[in-house]
Amino acid sequence: QVQLVESGGGLVQAGGSLRLSCTASGPIFRNYGTGWFRQAPGKERDFVAAISWTGDTTYYADSVKGRFTISRDNAKKTVYLQMNSLKPEDTAVYYCAADRSLVVHTQQYEYSYWGQGTQVTVSS
């Protein structure tokens, strides 16, 4: 069983930066791919970024490419999402998800474990 806790959300002005963290608890985190999704008010939850267990494979949504960077520190059981050049349209609840797979997933249904989410608000 893996439990995920997100942190690092908050209020930031457009053009600013935030770094989200997703820390896993549980006896095993090895071989778990991890992804970030987000859900804006009144909209469906969308894929943002994902990273393989080894960290050598990453995927990004087109809307965040070049601005967001996903990374991980397996010794700390933590995955990060560095968000730069934030825009008001990035405002959403950001969720961390994990699944025991060596394949990097981009679809919600492919993830077994989810965090509770952290709010990111970007003001114009």
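The values are calculated or read from the model by the stated rules, or taken from the named source; none is laboratory data. None of these values were measured; they are calculated from a predicted model. Cβ placement follows ideal geometry from the backbone for every residue including glycine, while neighbour counts extend to all protein chains displayed. Calculation scope for accessible area: heavy atoms of the full protein, side chains included, ligands and nucleic acids excluded. Shrake-Rupley method; radii C 1.70, N 1.55, O 1.52, S 1.80 Å.
I need the full set of residues from region 22-52 which are farther than 17 Å from residue 90 by Cα, within 14 Å of the chain's Cα centre (by Cα) and not small (Gly, Ala, Ser), in order please.
If the condition is that a residue be farther than 17 Å from residue 90 by Cα, within 14 Å of the chain's Cα centre (by Cα) and not small (Gly, Ala, Ser), then 22, 23, 32, 34, 51 are the ones that fit.
Matching residues to (1) polar (S, T, N, Q); (2) open to solvent by 50 Å² or more (accessible area, probe 1.4 Å):
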site	(1), (2)
55	no, no
63	yes, yes
78	yes, no
81	no, no
85	yes, yes
95	no, no
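Select from region 15-31 the residues that are out of contact with any Leu (no Cβ under 6 Å at 6 or more places or on another chain) and outside any loop (DSSP other than H, G, I, E, B) and write down the one among them that is surrounded by the fewest Cβ atoms within 10 Å (Cβ to Cβ).
Looking at residues that are out of contact with any Leu (no Cβ under 6 Å at 6 or more places or on another chain) and outside any loop (DSSP other than H, G, I, E, B), I get 25.
I'd like the full set of residues that are buried (at least 22 other Cβ atoms within 10 Å of the Cβ) and more than 14 Å from residue 8 (Cβ to Cβ), limited to region 37-47.
37
What about residue 34, is it under 22 Å from residue 5 (Cβ atoms), assigned to a strand (DSSP E or B), of a type in the set (S, T, N, Q) and open to solvent by 20 Å² or more (accessible area, probe 1.4 Å)?
No: the conditions fail for residue 34.
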